[in-house]
Amino acid sequence: MDTLWADLSGKAKKGSLGKDEETLYKKMGKAMALLANDPKHPGLHSHEIEALTRRYGVKVWQSYLENKTSGAGRIYWIYGPAKNDLTIIGLEPHPEDKKKGGCDKVKLSVLGKDEDQVN
């Protein structure tokens, strides 16, 4: 996630974002600002994803990047590593979690570790 954000930020400073990149940059920036100020902000619809919490062994939260859009983006995050920190560990389309196994497709990284090394 650091690499993605650094790439988008660098391109934004140079004025070289493509249309889709600019949209993503704005949505991510807004969502991250809301998360930083209040992870429970109503516009984020933040909630724990129990299937991912079980898989990764740490509470994994999902917040809306967008809504009412086909494949609406979601930001996945955890608390930590330090007190009062949040770490964004993924950016994925909505996993259609009402379907059995919807969250199985979600791939996350935790604190720069490969998903197999999360625990």
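The values are calculated or read from the model by the stated rules, or taken from the named source; none is laboratory data. What you are looking at is a predicted structure, and each value in this text was computed from that prediction instead of being measured. For neighbour counting, all protein chains shown are included, and Cβ atoms are generated from backbone atoms with ideal geometry for every residue, glycine included.
Quick notes on this one:
- Candidate set from the range 84-101 (those that are surrounded by 16 or more Cβ atoms within 10 Å (Cβ to Cβ) and assigned to a loop (DSSP other than H, G, I, E, B)); member that is modelled with the lowest pLDDT: D97
- Any chance K27 is surrounded by 14 or more Cβ atoms within 10 Å (Cβ to Cβ), assigned to a helix (DSSP H, G or I) and among the charged types (D, E, K, R): yes
- Pairs are defined by a Cβ separation below 8 Å, a sequence spacing of at least 6 or placement on different chains, a first member in the range 1-25 that is under 16 Å from E66 (Cβ atoms), and a second member that is of a type in the set (F, W, Y); the pairs so defined are L8/Y25.
- Residue check for E66: at pLDDT below 70, of a type outside the set (A, V, I, L, M, F, W, C) and surrounded by 11 or more Cβ atoms within 10 Å (Cβ to Cβ): no
- Hey, L44 buried (at least 19 other Cβ atoms within 10 Å of the Cβ) and out of contact with any helix residue (DSSP H, G or I) (no Cβ under 8 Å at 6 or more places or on another chain) or not: no
- Residue among P81, P39 that is in a loop (DSSP other than H, G, I, E, B) and modelled with pLDDT of 90 or more: P39
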